[in-house]
Each structure stands twice: as structure tokens, then as C-alpha cells.
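Each remark here refers to the structure printed beneath this line.
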Amino acid sequence: MGEQIFSRIEPSRTADDVVSQIELLILEGILRVGDRLPGERELARQFDISRPILREALKRLEGRGLLVTRHGGGTFVADVIGQIFTRPVIELIASHRKATADYLEYRREIEGIAAEFAARRATVADKALLTGIMEAMEAAHGKDDFAEEAHLDVEFHNAIGECAHNIVLLHTLRSCYRLLADGVFYNRALIYGFPGAREILLAQHRAIFDAVIAGDPKAARKAVEAHISYIERAMHEAERSDSWQQVSRLRLTQRNSAPNHASTSQDS
């Protein structure tokens, strides 16, 4: 069995102690949305408490919306991130272009800070996690697996936030990346499909990674700023190119559907 994340409760063995420990694991991002907790018997063993005490603690956490129990399926960390932006706010954001510019401006600053902190604070375990994600991203790139590469893009930025070891930054960034993954602000497929973009984005992720691994805060922030600035330019160019192609297709369709339009106009 691998290293367990739940610790023996000392020495009072109350439900309050269990609640506090699980709260901290969620707050620190160790337990993530959708993670399944061990079964009741195993969890009670790890905490070294009775099952009635464990049930009381889990019931409290579920009542507060931190855990969710699926009948016959176990207990999971609830979607604590998805509630930061309500559906009406998300719809407003998606329908106004200024929100995209503001989002990228916000990411440039906040991710720059996170990368600085990560370069200063990343532990050996943090660096091992980042290395695994970077290697997987390069493998997906080599296989031309866009879906996996885009997924790992979000995982990479989430990991940088985790390496910063700042709880508020961690959860703020996760809420931002949830909107990014859901395509609220812009179509990542459009950017990834732009000529040369995938190679440039991979190199930029590698630059952020190298700076964090090297413990260079200034280089880490600079790499993030270059990355976000490139996304802004690529998005603008990709949208403009897509718009041109749509206009060209409509023009061609119209001309082909009315081949005698010009001669008819001259005859009249």
C-alpha cells in the first residue's frame, strides 16, 4: 500500500478532529474535486477511530457541501470550485468580449505571482509532479493528441498553483482554469489549430517549467507573461483568420449560386 494521506487522530478521537483534518486536505488541494475517499472501514482504520465517529464527521462535511455520498458508490469531494461563478455570471462573461481581455490580464498577473512563489517554494515532490506533467504533455504533443495536450495544459497550470503553496491563490486559479477548460472565454481548439501554435505553446510551458525547477522567480514570472501575451495575440489572429475564412466561404457560395448575376446586371 502506498503512503496514506489521512493521519491517526490524537488522542481524543472526536468527530471534530476528523472534520478538521479533511477540511485541511481539501483546503490545501490535496483532496481535489471528484476524489473518492477510502471506504468506511479503511478510513476508520487510517484515522484510528470508531466507525460511528467517522460517520458523524462525514455527515457534517456532507451537510456543509464539502463531501457528497453516492448511494452504493462511495463518498467523494464535492464540486467546491464550480460554485465560485454562478451560471448567470458565466453566461454574462461568455457573451461579452471585454471579459476575455480582462480574464487574460488577470491571468497574466496572478499566474506571474504563482510562478514566482512556485520557483521559491516548490518541494522535491512538487518538482516530481511537475516533471511528470511536462513529460506527459511532450508525449501528447509528439502523438498529435490535441485533446490530451489541452487537458494537460490545464493540469500544468493547476500544478504551478499548487507549487506556490498559497491556499487563496490555489483555489482562485482553479476556478479560473475551470472556466478555461469549459471554453467560457475562448476556443482553445482555434488557438491550437493556428499554424505553429502548438510548438510555441509547448516551448512556453517548458520555459515556465524550467524556471520553476531552477528556482528562478524572475524567469518564472517572465515566462508566464510571455505565455499569456502570446495567447492574446494568437487568439486575435486565429479569430481574424477564422472570420476571413467564413466571409470567403459565404462569398464563394453566393457567387456559385448566382453565376449569371453579373451578365444579367449588364444586360439590364
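At a glance:
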read-out: Out of Thr131, Thr69, sole residue that is of a type in the set (S, T, N, Q) and either assigned by TED's automatic domain parsing to the domain that holds Gln21 or in a loop (DSSP other than H, G, I, E, B) (or both); value: Thr69
read-out: Meets criteria (modelled with pLDDT of 95 or more and in the same structural domain as Ala219 (by TED's automatic domain parsing)) for Ala150; value: no
read-out: Residue check for Ile53: over 23 Å from the mean Cα position of the chain (by Cα), in a loop (DSSP other than H, G, I, E, B), outside the structural domain of Asp126 (by TED's automatic domain parsing) and among the β-branched types (Val, Ile, Thr); value: no
read-out: Gly29 being exposed (fewer than 13 other Cβ atoms within 10 Å of the Cβ) and assigned to a loop (DSSP other than H, G, I, E, B); value: no
read-out: Residue within region 87-106 that is in a loop (DSSP other than H, G, I, E, B) and assigned by TED's automatic domain parsing to the domain that holds Arg233 present; value: yes
read-out: Test: residue in region 177-186 that is touching a Phe, Trp or Tyr at 6+ places or on another chain (Cβ under 6 Å) and over 28 Å from Leu25 (Cβ atoms); value: yes
read-out: Among (1) of a type in the set (Val, Ile, Thr); (2) in contact with a strand residue (DSSP E or B) (Cβ under 7 Å, 6 or more places away or on another chain); (3) within 16 Å of Ser175 (Cα to Cα), the one test that Val68 misses; value: (3)
read-out: Test for Glu239: is it closer than 21 Å to Arg107 by Cβ, at pLDDT 85 or above and surrounded by 10 or more Cβ atoms within 10 Å (Cβ to Cβ); value: no
read-out: Lone unmet requirement of (1) out of contact with any helix residue (DSSP H, G or I) (no Cβ under 7 Å at 6 or more places or on another chain); (2) touching a residue at least 24 places away in the same chain (Cβ under 8 Å); (3) closer than 17 Å to Ala181 by Cα; (4) of a type outside the set (Val, Ile, Thr) for Ala99; value: (1)
read-out: Ile208 touching a helix residue (DSSP H, G or I) at 6+ places or on another chain (Cβ under 7 Å) and surrounded by 19 or more Cβ atoms within 10 Å (Cβ to Cβ); value: yes
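The values are calculated or read from the model by the stated rules, or taken from the named source; none is laboratory data. Everything quoted here is computed from the prediction, not taken from an experiment. Glycine gets a Cβ as well: all are built from the backbone with ideal geometry, and neighbour counts include every protein chain shown.
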